[in-house]
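What follows is calculated from the coordinates using simple rules that are stated; it is not laboratory data. This structure is a prediction, so every number in the text was calculated from the model and none was measured. All Cβ positions, even for glycine, are placed from backbone atoms using ideal geometry, and neighbour counts span all protein chains on display.
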Amino acid sequence: MAARAYWQGQIRLALVSIPVEVYSATKSGAAIQFHQIHEPSGKRINYEKVVQGIGPVDRDEIVKGYEVSKGNYVLLDEDEIEAAKVESRRTLDLVQFVDASEVDVFYFDKPYYVVPADDLAEEAYVVLREALKEAKKVALGQLSVRGREYLVSLKPCGKGIVLETLRYEDEVRKAQSYFKDIPTAKPSKDMLDLAKTLIDQKTAPFDAGEFHDRYVEALEDLIAKKRKAKGKKILEDVEEPEAARGSNVIDLMAALKKSVGGKEEKPAAKKAPAKKAHAKKHAPAKARKRA
C-alpha cells in the first residue's frame with residue numbers, strides 16, 4: 001500500500017511557490033507490543049471508564065478538563081477546543097535561514113521526506129535544495145497540521161529535502177540546571193591524546209544497518225520458541241558482564257592505554273631490603289656477651 005502523505009501544500013519563498021508532499025521518514029512497527037490477557041480464558045483485558053466513588057460512566061458524560069489546582073479543573077467541550085484550533089493552511093512560508101549548527105540537537109523532533117508534488121514543481125524544488133546546500137543553511141517556518149502549528153526546518157538530504165519538526169523553546173529543559181555541578185577543569189594533554197587516539201581508532205562511516213535492537217530480536221526469538229513449545233514456560237539465562245573487582249577508584253590513564261592497545265604500565269617492584277649481617281660477626285661486644 002502506498003504511503004499516505006502527512007501534509008500536502010506549497011513551500012513558499014518570497015514569490016516562489018513549490019507544490020510538495022510530505023511523508024513520514026520513520027516507522028514504529030519495529031517494536032514488540034504486548035497486550036494484557038486474562039490467563040484462564042485467553043481473552044484480552046478491556047478497560048472501563050470509572051469515576052472514584054461512582055463507578056463506570058458513559059462516554060457521552062466525559063469532557064476534557066485542565067487542572068488549575070489540586071482537584072480543580074476548567075472543563076472544555078469538543079466544540080470549544082475545535083474553535084481554538086489554528087486554521088490548517090496549505091502554505092509553508094520560509095521566514096528565516098540559519099546555520100545548521102545554530103539549532104541544538106534537542107530541538108529536533110521527527111523527520112519527514114519532502115518531495116515535489118508533480119513534474120512542474122521539480123525545477124523550483126531542485127533550485128531550493130541546491131541553494132540550501134551551497135549556503136550551508138537550514139530554512140525555518142511554521143506548518144499548520146490538524147489544528148496545531150509546528151515549528152519546522154528544511155535541509156537538503158542527498159537528492160531530496162528533509163523536513164524536521166522542532167520543539168518550541170518552552171518544551172526544552174535548560175541544560176544548565178543539569179550540568180552546573182560538573183567541573184570545568186581540563187584533563188592532562190597525555191590523557192586527552194590517548195582519548196583522541198581511541199576515537200580515531202573507532203571512527204567509521206555511519207551505517208545504521210550495523211546496529212540492531214538486541215532486546216527486540218531476543219523477544220522475537222523467544223516468541224518463536226514459545227509457539228513451538230505450545231505454551232510451555234521458557235526461561236533463558238542472560239549473560240551479564242562481570243562486575244569490576246577490587247577498588248572503585250579507576251586508573252584512567254591505565255584504562256585509556258589498555259583501550260588503545262598499549263601495555264598497561266605495572267608499578268615498579270619494591271626492592272628487597274638488604275640482608276643484615278650475621279649478628280655474631282658485627283654485633284657489639286655487649287650483645288655478643290649476652291648471647
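In segment 36-143, taking the dipole from charged Cβ atoms about the Cα centre, the farthest positive-side position among I45, Y66, Y125 is held by I45. Within the straight-line cut-off of under 20 Å between alpha carbons, the aspartates and glutamates reachable from K196 are D251, E264, E265, sequence neighbours fewer than 8 places apart in one chain being disregarded.
Does segment 1-93 classify as rounded, prolate or oblate by the C-alpha gyration tensor (a ≥ b ≥ c root eigenvalues; a/c under 1.5 gives rounded; else a/b over b/c gives prolate, otherwise oblate)? Cα axes put segment 1-93 in the oblate bin.
PRE reach from L252 (point 7 Å along Cα→Cβ): which of segment 148-187 fall under 14 Å by backbone N? Output list for this probe position: 182-187.
Sites listed here are chymotrypsin sites (Phe, Trp or Tyr not before Pro) in segment 109-176 whose DSSP assignment is loop and whose Cβ has at most 13 other Cβ atoms within 10 Å: Y168. Check the straight Cα-Cα distances from K136 and name the aspartates and glutamates below 15 Å, setting aside those fewer than 8 residues away within the same chain. List returned: D99, E102. The convex hull around the C-alpha trace of segment 89-201, projected and averaged over every direction, spans 11.0 square nanometres.
The alpha carbon gyration tensor of segment 138-187 gives principal lengths a ≥ b ≥ c with a/c of 1.5 or higher and a/b no greater than b/c, which makes the shape oblate.
In this simple spin-label approximation, T203 and Y215 carry label points 7 Å from Cα along the Cα→Cβ vector, and these lie 3.2 nm apart. Return the subset of K43/K64; K49/K226; K49/K70; K27/K233; K43/K233 for which the Cα-Cα distance in this structure is over 23 Å, preserving the input order. Exceeds cut-off: K43/K64; K49/K226; K27/K233.
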